[in-house]
Every structure is written in C-alpha cells, then in structure tokens.
1. With θ taken as phi - 60° and the coefficients 6.51, -1.76 and 1.60, list the Karplus ³J(HN,Hα) couplings across the range A:98-113 in order, rounded to whole Hz; mark glycine and proline as x.
2. Please turn the phi angles of the range B:88-93 into ³J(HN,Hα) values with the Karplus equation 6.51 cos²θ - 1.76 cosθ + 1.60 (θ = phi - 60°), one per residue in order, whole Hz, x for glycine and proline.
3. A:LEU31 label points, 7 Å along Cα→Cβ, one per copy: pairwise distances from this copy to the rest in nm, shortest first?
4. Using each residue's phi in the range A:69-83, evaluate 6.51 cos²θ - 1.76 cosθ + 1.60 at θ = phi - 60° and report the 3J(HN,Hα) Karplus result to the nearest Hz, with x for Gly and Pro.
5. With a 1.4 Å probe and all protein chains left in place, how much of the accessible area of chain A comes from carbon and sulfur atoms, in whole percent?
6. Going out from 0 in 5 Å bins, what whole percent of all Cα-Cα distances in the range A:90-167 drops into each bin?
7. State the Cα centre-to-centre distance between the range A:1-42 and the range B:48-78 in whole Å.
8. If you bin every alpha carbon distance in the protein assembly as shown into 10 Å steps from zero, what whole percent lands in each bin?
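The values are calculated or read from the model by the stated rules, or taken from the named source; none is laboratory data. No experiment lies behind these values; they were computed from the predicted model shown. Quick reminder, even Gly has a Cβ in these numbers, built from the backbone with ideal geometry, and neighbours come from all protein chains shown. The area values use the complete protein model at the heavy-atom level, side chains included, leaving out ligands, DNA and RNA. Shrake-Rupley method; radii C 1.70, N 1.55, O 1.52, S 1.80 Å.
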Protein chains: 2
Amino acid sequence: MKFSVFIATSVDGFIAKPDGNVDWLHTAGNLEADMETEDMGFKAYMNAVDCMIMGRKCMEVISEMNLTPEQWFYGDTRIVVLSSTLTEPPENLRGKVEMYAGDIHSLVDKLEKEGYKHAYVDGGKTIQSFINLQLINEIIITKIPVLLGEGIPLFGKTFKDIKLEKASAITFPNDFIQVKYSVNYE
Amino acid sequence: MKFSVFIATSVDGFIAKPDGNVDWLHTAGNLEADMETEDMGFKAYMNAVDCMIMGRKCMEVISEMNLTPEQWFYGDTRIVVLSSTLTEPPENLRGKVEMYAGDIHSLVDKLEKEGYKHAYVDGGKTIQSFINLQLINEIIITKIPVLLGEGIPLFGKTFKDIKLEKASAITFPNDFIQVKYSVNYE
C-alpha cells in the first residue's frame, strides 16, 4: 500500500501557528493572481488516493470549518481518524469520518485486506508517526510564501537521516511553490 | 543597499546538524547525476554581490574546511565577520576576512558610505538578525533532499509574519530544488 502526504507549510516549515491557527493560509501569497481554475493539484491528488488517515487535531481543524456539503473537500473518500481518546467524531463530521484507536500497523493491515491501495496521510503528528514507521512513500508540500517565525512544524525528529529523491517543483501565479519528493528509507 | 541570502537547508529547514556539522551537504541528493558544469547559480550570485557579511560560527565552519587558495569560494569579495568576542580571525583566514564587533546598522552605514551595493548575508543567527531588522531583500534557498529530524534552523522567531513574493523554483538533476523569494516587510 502507498502512503502519501499533500500538505501546505510556511516557508519556514510550519503547518499552523503555535495555537493551531491556519488563517494565514487564506491571506498569504499574491491574492490578485488569477487562480480561478487552478487548484494546485488537489483534485488530481484526491482522485489518486482511495482513503485518508488523519490525526485527531487535523480532524478538529476541519470540524471547526463547519463545511457545507458543497464545501466538503474530500468527496466520499473514506477517512479514518486516529485518536486514543475520542471514540465518536464531532457532531458535524458524523457519517463522514470514522475513529480508530489501534496501532498504525494494524490499521494498515486492515486497509490492505479491504483492498485499499493509496492513503492520504494528514496531520503533523500522524505524518511524523508514519515517517518513523518508514511508511510514507511520497511527499507533496505546497510552500506558502510567508515566514511565521514559530508554529507547529511539519516534520519532527526522525529515527535517522531520510533521503528524498525524484524532486520536482511547480511555481503558481500566487507565489506558492509546490515541491514533490519520493522517500527512500534505504 | 541590498542584502540577500544564498543558503542550503535540508527539506525540514536545517542549515546544520545540532552540533554544527554540515557533512550531509556533500552526501545528499543523487550523486550519480551529471552536475559537472552546474554550480546551482553560485558563481552568478557571487558576481552579483560586492561584499559579504557572515556570523562567527559560519566563519569557523569555513575555517575548519582549510581551503586551499584554489578551493576558496569567494574570490576577493570583501568579507566582514560579526563577532562580539573574537577580534582576530583564525590563522588560515587572515587577510581574507575582517572582524566587526559593532551593531549592524552602523556596519550598513559604513558599507553604504564606502559604495557597497549588495551584500551576501550568511550564517543562521546573522540572517535572523538581518531579517528582524527588515534588511534582507531576497532569499535563495537550495533545498537538499534529506530530512535531518533536528538541527540548527535557518529561520528563527520573527517580529511578525513576513510576506514573501516573486517566487521562483529550479530543480537540479541531483534532486536539489532551489527556491527564490523577494521579502516584503510591508
């Protein structure tokens, strides 16, 4: 099974302000640029994955957005939320996500047995756990053109230096730069 | 006067391992790629600057490389090293760098009066000081395809969110990605 990451960070590498706030995502970059038909690869990426695994905090950020069915980003992609504390999703995400309290290897076995091939892994802590289990195969980072100075970093401590390869980069009219790498745990 | 940064970091944003080691710079990326005539823009960048300002630690890393005159990167570009403790450079850098103990604004005044137009600012702490004085105009970061997990970050705390613009990116055959931004302190 393949596991990949599609996430935005500031140029200094943060996915959120220290308090979890991500409002800067919507005010950064050149807001006058023509981005009408440009989704920075998100739909193509969602079409390439068949399930999603996210952390509890990531789910809570989405819950707080209170998306209408029209605004919902993820279509009917199956979403598993890792939490050792919550057994039920927030009211506004019932029927959209399922909670999972077990370990990651068991989840991966379960999804593989059910025929899933490619999971979108989201949330800082969850991504870090998957990297340290040597599971993440591909990383797509959209660099938002801002320095925040402090916040929640995308990457954390790793078990060793991890080699990235097959680098590519795209620059968008709004000054966002999207980089893509394969991960080689050797 | 213009101030710019030309520096390499890991994909997780570190300029060195926690102990200052930068050996990973030389082993990262696709070592079999043809990079014979490719200097990733360094010579052109050096031709565009007329002086260099670096921190003491940055100088010490260069001193430890014990470069021969043929290996010396910086031609005869004037190099000012900021230090409040050292008054003399190490033996092997005498005649190549000069020490400076005053504050940054006085140094900038002095260089401007002497006719300098564009300084290369190097070293983590020095870059952070210049950003916080709203002096850095352009940032060129070469992203080395490795996750280190921990180390000395390029960026530190900022006085506020800092907007970057005019983004561009180049991917090299060795899987290094170089991004470039102008800084807008608004």
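1. For the range A:98-113, the Karplus curve yields 10, 8, 9, 10, x, 8, 5, 4, 5, 4, 4, 4, 4, 5, 4, 4 Hz.
2. Along the range B:88-93, the couplings run 10, x, x, 2, 6, 10 Hz.
3. 4.9
4. Couplings: x, 5, 7, 3, 6, 9, x, 10, 4, 5, 10, 9, 10, 7, 7 Hz.
5. On chain A, the fraction of accessible area on carbon and sulfur atoms equals 50 percent.
6. Pairs per bin, as whole percents: 3, 10, 18, 21, 19, 16, 9, 4, 1.
7. Centre-to-centre distance over Cα atoms comes out at 36 Å.
8. With a bin width of 10 Å, the distribution comes to 5, 22, 31, 23, 12, 6, 2, 0.
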